[in-house]
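Step one of this worksheet: look at the structure below.
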Amino acid sequence: MKKGKVINSDISRVIAQMGHFDKLSIGDAGMPVPRMTEKIDLAVDNGIPSFMEVLNNVLEELEVQRIYLAEEIKTENPTMLEAIKNRLPETPITFIPHSEMKQELNNVHAFIRTGEMTPYANILLESGVVF
């Protein structure tokens, strides 16, 4: 059995396969995911698991050099924006339109769906290197 913080086999596999500049996305229950993008669906109920719980878990194993957030999070979900900034205080943030974020899901290794039910609780994590 795997010993570590990320015990979900699909999430662990995706992280292990990622290289420098590859992307992984975590998002709310309502984010539309392209058919060709792998969706790892963790949602079981309203808010379970939360976006931040899943993000915190993924960050235990994934080295992140940049994050991408929807521009709309600034006005539509400032509480979540603050939580993300607090969790990743040294990581550069690029804000993009939500429509562009949805298109970018065509280029991620996987999308992890949470039970989050707040608007624009979506993130693209760009993989860094540990050396």
- Query: Yes or no: L69 over 17 Å from F21 (Cβ atoms) and crowded, with 19+ Cβ neighbours inside 10 Å?
  - Reply: yes
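Here is a check on your reading of the model: is E126 more than 18 Å from E76 (Cα to Cα), assigned to a loop (DSSP other than H, G, I, E, B) and at pLDDT 95 or above?
Working: more than 18 Å from E76 (Cα to Cα): yes; assigned to a loop (DSSP other than H, G, I, E, B): no; at pLDDT 95 or above: yes.
No; evaluated as a whole, the condition is false for this residue.
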- Message: Could you check region 40-63 and list, in sequence order, the residues that are surrounded by 17 or more Cβ atoms within 10 Å (Cβ to Cβ) and assigned to a strand (DSSP E or B)?
- Response: I40
- Query: Listed residues T37, T94; which is hydroxyl-bearing (S, T, Y), within 23 Å of G128 (Cβ to Cβ) and part of a loop (DSSP other than H, G, I, E, B)?
  - Reply: T37
- Message: Checking A16 against (1) surrounded by fewer than 16 Cβ atoms within 10 Å (Cβ to Cβ); (2) in a strand (DSSP E or B); (3) not hydroxyl-bearing (S, T, Y), only one condition comes out false. Which one?
- Response: (2)
- Message: Given the condition in contact with a strand residue (DSSP E or B) (Cβ under 7 Å, 6 or more places away or on another chain), within 23 Å of I7 (Cβ to Cβ) and surrounded by 19 or more Cβ atoms within 10 Å (Cβ to Cβ), answer yes or no: does some residue in region 89-103 qualify?
- Response: no
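Quick check: anything in region 72-81 basic (K, R) and either in a strand (DSSP E or B) or within 15 Å of G30 (Cβ to Cβ) (or both)? Lay out the reasoning, then the answer.
Initial filter on region 72-81 (basic (K, R)): 74.
From what is left, the residues that are either in a strand (DSSP E or B) or within 15 Å of G30 (Cβ to Cβ) (or both) are none.
The answer is no, given that none of the residues of region 72-81 is basic (K, R) and either in a strand (DSSP E or B) or within 15 Å of G30 (Cβ to Cβ) (or both).
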- Kindly establish whether V6 is buried (at least 17 other Cβ atoms within 10 Å of the Cβ), hydrophobic (A, V, I, L, M, F, W, C) and out of contact with any Asp or Glu (no Cβ under 7 Å at 6 or more places or on another chain). no
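The values are calculated or read from the model by the stated rules, or taken from the named source; none is laboratory data. Since the model is a prediction, treat every value here as computed from it, not as a measurement. So basically every Cβ, Gly included, is an ideal-geometry build from the backbone, and we count neighbours across all protein chains shown.
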